[in-house]
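One structure below.
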Amino acid sequence: MAAVFALLSAAFFAGNAVAVRLALHGSTPEVVTLLSVATNVLTLWTLAAVTGPLVPADRGAALIFLAAGLLAPGLARLAMYTAIGRIGIAPTVVASNTTPLFTAAGAALLLGERLTADIVLGTVAVVLGVVLTASAPPLGHGTASPPEARPRRGGIALALSTAVLAAVSFLLRKVGLERLPAPALAAALTQTGALLLLLPLVLLRGRRERPRLARTALLPALAAGLLSTGGFLTYFLALHQGEVSRVTPLASTTPLFAVLLLGVGYRQVEAVSARTAAGAALTVAGVVLVVAG
């Protein structure tokens, strides 16, 4: 079941990316991020109340989840939503789902784990996949696509920073789940940590620029929140039942789901070039190789 939950998580987050792209047409990344996380917090705390006690027996584990939430989805989701607004859905989800690569690199550098041939080949595949996606021209834009003049390098860097932040957050979540084996409560605490970071950020930005949320952006922003709630809950269920090294690559297949979703039902949102699709496939293959190695 861990594999099923991990794949469901990837599918939910692919839908989340499409909903975010629609919401950004009438809002800002900070407002969409805050609304999404607030939806997560409300939904997950309600679910936690139904499934078990709301007060964790291990206060130290609660702090671990709060810290993980500050990194991801807090900073990570803000960076990802900003990247989606700059470079589009497909390039962002490809770059942001290289998390297992950074996890493997950290294990090799910090824990002294051996680099195998599969890890090296997977690393090369991931790098080539991101390069392909980053260099893909923004062809055939739909109505919600970013302008061609916008720089892509900054967007790719933001998306990659999402992967680094998420890698650290995932390791913290796994440590926390070993001390507090309650996926719904763990997810709720993690989202609360993100909310504690985002509220002051939005308030500070509001002093310089008035927050914007058009009526047309409200429904997709709420949909983004519900879809990301499903993504986080299924990810925590997968992490609770399986090893982080096995769950993460399956949960990182979001690029394939995103490309499929855009190609089948949301071409008006964003067109996917052959280069972007190839980059997504190559990146996912590389992620699988890294973890298999």
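The values are calculated or read from the model by the stated rules, or taken from the named source; none is laboratory data. Every value quoted in this text rests on a predicted model; they were computed, and no experiment measured them. All Cβ positions, glycine included, derive from the backbone under ideal geometry; neighbour counts span all protein chains shown. Heavy atoms of the whole protein, side chains included, go into the accessibility calculation; ligands, DNA and RNA do not. Shrake-Rupley method; radii C 1.70, N 1.55, O 1.52, S 1.80 Å.
Key figures
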item: Selection status of LEU289, open to solvent by less than 50 Å² (accessible area, probe 1.4 Å), closer than 23 Å to PHE170 by Cα and not basic (Lys, Arg); result: no
item: Residue count, the stretch 262-286 (criterion: outside any helix (DSSP H, G or I) and in contact (Cβ under 8 Å) with a residue 60 or more places away in the chain); result: 8
item: Test: residue in the stretch 20-40 that is free of Cβ contacts under 8 Å to residues at least 12 places away in the same chain, among the small types (Gly, Ala, Ser) and open to solvent by 20 Å² or more (accessible area, probe 1.4 Å); result: no
item: Among the residues listed as ALA280, ALA271, the single one being under 22 Å from ILE156 (Cβ atoms), at pLDDT below 90 and either open to solvent by less than 30 Å² (accessible area, probe 1.4 Å) or among the aromatic types (Phe, Trp, Tyr) (or both); result: ALA280
item: Test: ALA79 is at pLDDT 90 or above, farther than 23 Å from THR253 by Cβ and in contact with a helix residue (DSSP H, G or I) (Cβ under 7 Å, 6 or more places away or on another chain); result: no
item: Residue satisfying all of: in the stretch 144-180; at pLDDT 85 or above and among the basic types (Lys, Arg); surrounded by the most Cβ atoms within 10 Å (Cβ to Cβ) among these; result: ARG173
item: LEU289 vs. criteria touching an Asp or Glu at 6+ places or on another chain (Cβ under 8 Å) and part of a helix (DSSP H, G or I); result: yes
